[in-house]
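The values are calculated or read from the model by the stated rules, or taken from the named source; none is laboratory data. Just so we're clear, the structure is a prediction, and the values are computed from it rather than from any experiment. Don't worry about glycine lacking a Cβ; one is built from the backbone with ideal geometry, like all the others, and counts go over all protein chains shown. Note: areas computed on protein heavy atoms with side chains; ligands, DNA, RNA excluded. Shrake-Rupley method; radii C 1.70, N 1.55, O 1.52, S 1.80 Å.
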Amino acid sequence: LKDITIILFERIGLLLIIAFVLTRIPNFKMLIYREYNFRMTIIHACVFGIFGIASTHFGIVLADGEVVNQNLVWYVADNEMIVSLSLVAIVIAGLLGGPIVGLGAGIVAGIDLFFLGGIGWFANTLVNPLTGLLAGLAGRFFSKARVISPVQALFIGVFPPILQMQILFVIYPQHDTVMEFVNIAGLPLVLTNSIAIAIFTAMIKIVLQEQENEAALATKQALTIAEEALPFLKKDSPTERAEGLAELLYDRLKVAAICVANEEEILAFKGIGADHHHVGNKIRTRLSNEALQSKEIKIAYSKDDIACDDPKCRLEAGIIIPIVEANDSMSLIKFYFKKVHHISPVEIELAQGIGQLITNQLQVISSEKLRKNIVDAELRNLQAQINPHFLFNTLHLIATLFRV
């Protein structure tokens, strides 16, 4: 019993590594936020079904109450019985994706168990889709939370192995091997399944919290920079505006260099490479022109994309942000990095947020200037109408006094 428990915990550790890789898939968030559609439901069911198949082959094989295979399982003889770990993947699929994803993943994993064979193959095949369906219904019950708590997951994870053993007893009531399986592997299965599911839900909560914290920090940073940039954006001189923005962004962001340019040339440069990225240099890179034309952010993933003439330049990557002003003129803000891997999704989101906020502020400032100019023009027009009136009144008064 002790040896089987240790072996199962070792295999569960490997499965949790696979599960962690699943959490890094971009579309994985759709499950957490309950954003379902038919295509993604099928994809997630297949992905978790494959995860369940991998969990099955990470299991162990018992014969006559002893472990006969601790390696990857590819075949189960007629007198042997597999201790499958697929229920972990199926429960996770149901809790996150609902009954449909859980049922689909259970069917995929169950088909694999059907072809593996061995004693109890029918019960093992049946318990997977049934577990996925019930886990999905349990996930709907806790639907107010994006991810159920580890304590709730620990409680839910106890029941699938118990359900599996009950089905075995119903289908094979007098089978000696089934009795030995339940006596030897029953408790280790309950422990490993419940603990693994609890650890995975805790892992998801941690990953989700980290992502939300990073997004919140990036949003706060973008808003702060946009507010601090307002005095520079109000300057009439493009050079003064560019120098102020470059200084501010370089001080606030963890970047190697900042460049501010118009459609033709560099207006300001701050950071690494300032010795050869001079003010007045022409804008000639392909990505810069594409950003100006498409008005969309572009990312330089290599030194070739940056197209620097200096072979010793330490800048290897960058984010190019187009800024659209009210008069449809364009400018560019470039974030430079020393390594490509320094460009994270958070950096890209932050760059997009800063670009949009600065664009909006420039349009507001331009609207305010236009409104002020209109008011000044109206005042000058009114003054132009009033001045002749007083002039003619004065001349009329002088003429009257002459006559007197």
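What are the pairs, 6+ residues apart or on separate chains, where a residue within segment 95-124 that is on the phi > 0 side of the Ramachandran plot has its Cβ under 7 Å from a residue that is among the small types (Gly, Ala, Ser) and buried (at least 24 other Cβ atoms within 10 Å of the Cβ)?
Short answer, once both residue conditions are applied: 98/136; 98/139.
From the list 152, 209, pick out the single residue that is in a helix (DSSP H, G or I), open to solvent by 70 Å² or more (accessible area, probe 1.4 Å) and either more than 15 Å from residue 82 (Cα to Cα) or touching a Gly at 6+ places or on another chain (Cβ under 6 Å) (or both).
Residue meeting the stated conditions: 209.
Go through segment 22-37 and count every residue that is at pLDDT 65 or above and over 17 Å from residue 51 (Cβ atoms).
Residues in segment 22-37 being at pLDDT 65 or above and over 17 Å from residue 51 (Cβ atoms): 1 in total.
Might you let me know whether segment 191-198 holds any residue that is of a type outside the set (A, V, I, L, M), open to solvent by 50 Å² or more (accessible area, probe 1.4 Å) and part of a helix (DSSP H, G or I)?
Scanning segment 191-198 turns up no residue that is of a type outside the set (A, V, I, L, M), open to solvent by 50 Å² or more (accessible area, probe 1.4 Å) and part of a helix (DSSP H, G or I).
To keep it simple, each residue is scored yes or no on (1) modelled with pLDDT of 80 or more; (2) part of a helix (DSSP H, G or I); (3) open to solvent by 10 Å² or more (accessible area, probe 1.4 Å); (4) not β-branched (Val, Ile, Thr).
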position: 14; (1), (2), (3), (4): no, yes, yes, yes
position: 20; (1), (2), (3), (4): no, yes, yes, yes
position: 39; (1), (2), (3), (4): no, yes, yes, yes
position: 44; (1), (2), (3), (4): yes, yes, yes, yes
position: 82; (1), (2), (3), (4): yes, no, no, no
position: 93; (1), (2), (3), (4): yes, yes, no, yes
position: 103; (1), (2), (3), (4): yes, yes, yes, yes
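Please work out if residue 283 is within 21 Å of residue 342 (Cβ to Cβ) and touching a residue at least 24 places away in the same chain (Cβ under 8 Å).
no
Pick out, from segment 237-351, the helices (runs of 4 or more DSSP H) lying fully within it that include 2 or more residues that are closer than 20 Å to residue 363 by Cβ.
Qualifying helices (runs of 4 or more DSSP H): 238-252, 286-294.
Test residue 258 against the criterion of being crowded, with 18+ Cβ neighbours inside 10 Å and not small (Gly, Ala, Ser), and give yes or no.
yes
Restricting attention to segment 171-215, report how many residues are closer than 30 Å to residue 345 by Cβ and small (Gly, Ala, Ser).
4
Answer yes or no as to whether residue 113 is over 12 Å from residue 91 (Cα atoms), open to solvent by less than 70 Å² (accessible area, probe 1.4 Å), at pLDDT 85 or above and within 39 Å of the chain's Cα centre (by Cα).
Against the criterion (over 12 Å from residue 91 (Cα atoms), open to solvent by less than 70 Å² (accessible area, probe 1.4 Å), at pLDDT 85 or above and within 39 Å of the chain's Cα centre (by Cα)), residue 113 qualifies.
Any residue in segment 219-243 that's surrounded by 12 or more Cβ atoms within 10 Å (Cβ to Cβ): show its pairings with residues that are part of a loop (DSSP other than H, G, I, E, B) at Cβ separation under 6 Å, as long as the two are six or more apart or on different chains.
Final answer for the pair search is 241/235.
Those residues that are open to solvent by 50 Å² or more (accessible area, probe 1.4 Å) and of a type in the set (S, T, N, Q), I need them from segment 46-75; list them, please.
Hits for segment 46-75 are 70, 71.
Please go through segment 291-310 and give me each residue that is closer than 15 Å to residue 337 by Cβ and open to solvent by less than 100 Å² (accessible area, probe 1.4 Å), ordered by number.
Those that are closer than 15 Å to residue 337 by Cβ and open to solvent by less than 100 Å² (accessible area, probe 1.4 Å): 297, 298, 299, 300, 302, 303, 305, 306, 308.
So in segment 120-142, with the set limited to residues that are of a type in the set (Val, Ile, Thr) and surrounded by 24 or more Cβ atoms within 10 Å (Cβ to Cβ), which one is farthest from residue 185 (Cα to Cα)?
Going through the qualifying residues, I end up with 131.
Quickly run through segment 275-288 and pick out the residues that are surrounded by fewer than 14 Cβ atoms within 10 Å (Cβ to Cβ) and either of a type in the set (A, V, I, L, M, F, W, C) or closer than 22 Å to residue 239 by Cβ (or both).
Of everything in segment 275-288, those that are surrounded by fewer than 14 Cβ atoms within 10 Å (Cβ to Cβ) and either of a type in the set (A, V, I, L, M, F, W, C) or closer than 22 Å to residue 239 by Cβ (or both) turn out to be 275, 276, 278, 280, 282, 284.
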